[in-house]
């Protein structure tokens with residue numbers, strides 16, 4: 001068998017996250033079911049680059065699978081796309097070194113969170129509408145405090161199976177457009193619910209409900225209850241994943 005990396009995109013609103021669940025539809029299960037049919041009723045376990053929660057989207061997501069392809073990757077991709085729902089697109093399939101691991105070899109992950117300020121029926125499933133005025137300069141000052149190697153337990157879901165809460169954030173920036181704000185954050189790893197908790201807390205800063213000093217204290221507290229409620233899932237996208245050897 002050879003190892004292949006699959007680059008996909010998906011609309012998360014129809015799924016209960018990436019990871020397989022016994023009773024709810026997930027992205028992983030949907031793809032594995034399609035591969036099972038395409039590979040002559042042979043189970044094909046896949047390993048994703050990470051979890052995304054219910055309703056979260058992915059512009060660029062990678063998983064690997066070990067396969068014996070009886071056709072070109074291009075033809076296999078065409079047939080797989082035909083079997084998958086419209087909410088999942090396979091963008092590329094590439095053979096890689098058998099040691100390259102979709103999850104453990106990812107060096108950098110980037111998420112983007114979208115906020116819009118004007119009612120728009122075409123954004124309701126893909127962005128968080130906030131009609132109140134936000135102080136984006138103050139939000140950026142708070143975002144700057146995230147840069148570096150820090151303990152992000154204050155923004156992590158409780159009782160997760162991680163050994164520590166240290167993450168190295170290399171970018172945390174806001175881009176402001178006429179009716180839209182895009183928050184982009186890059187790090188070597190992310191904790192469960194971390195980006196949504198950060199965005200929810202940054203919005204509290206933008207609404208002047210929290211000061212920059214408050215934001216600093218929240219990070220230092222390592223207490224999830226000190227941070228704000230998580231931002232809605234629909235505005236969050238896994239935007240990019242970087243590997244030591246680019247798989248596509």
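Some notes on this structure:
- Within the range 77-84, the presence of at least one residue that is in a loop (DSSP other than H, G, I, E, B) and in contact with a helix residue (DSSP H, G or I) (Cβ under 9 Å, 6 or more places away or on another chain) is confirmed.
- Here residue 230 fulfils each of the conditions (1) surrounded by fewer than 17 Cβ atoms within 10 Å (Cβ to Cβ); (2) not in a helix (DSSP H, G or I) apart from (1).
- Positions within the range 129-154 being under 13 Å from residue 185 (Cβ atoms) and in a helix (DSSP H, G or I), in sequence order: 139, 140, 142, 143, 144
- Residues that are without any contact (Cβ under 8 Å) to a residue 24 or more places away in the chain and in contact with a strand residue (DSSP E or B) (Cβ under 9 Å, 6 or more places away or on another chain) were ranked within the range 43-71; the one that is surrounded by the fewest Cβ atoms within 10 Å (Cβ to Cβ) is 45.
- Yes/no for residue 118 being surrounded by fewer than 20 Cβ atoms within 10 Å (Cβ to Cβ), touching a residue at least 40 places away in the same chain (Cβ under 8 Å), over 19 Å from the mean Cα position of the chain (by Cα) and not in a helix (DSSP H, G or I): yes
- Scanning the range 178-204 for residues that are at pLDDT below 95 and over 13 Å from the mean Cα position of the chain (by Cα) yields a total of 2.
- Residue 37 falls short on exactly one of the conditions (1) surrounded by fewer than 16 Cβ atoms within 10 Å (Cβ to Cβ); (2) closer than 19 Å to residue 73 by Cβ; (3) without any contact (Cβ under 8 Å) to a residue 40 or more places away in the chain, and that condition is (3).
- Qualifying residue in the range 147-167 (condition: modelled with pLDDT of 95 or more, assigned by TED's automatic domain parsing to the domain that holds residue 220, touching a strand residue (DSSP E or B) at 6+ places or on another chain (Cβ under 9 Å) and surrounded by fewer than 13 Cβ atoms within 10 Å (Cβ to Cβ)): yes
The values are calculated or read from the model by the stated rules, or taken from the named source; none is laboratory data. Just so you know, these numbers come straight off a predicted model, no measurement behind them. All Cβ positions, glycine included, derive from the backbone under ideal geometry; neighbour counts span all protein chains shown.
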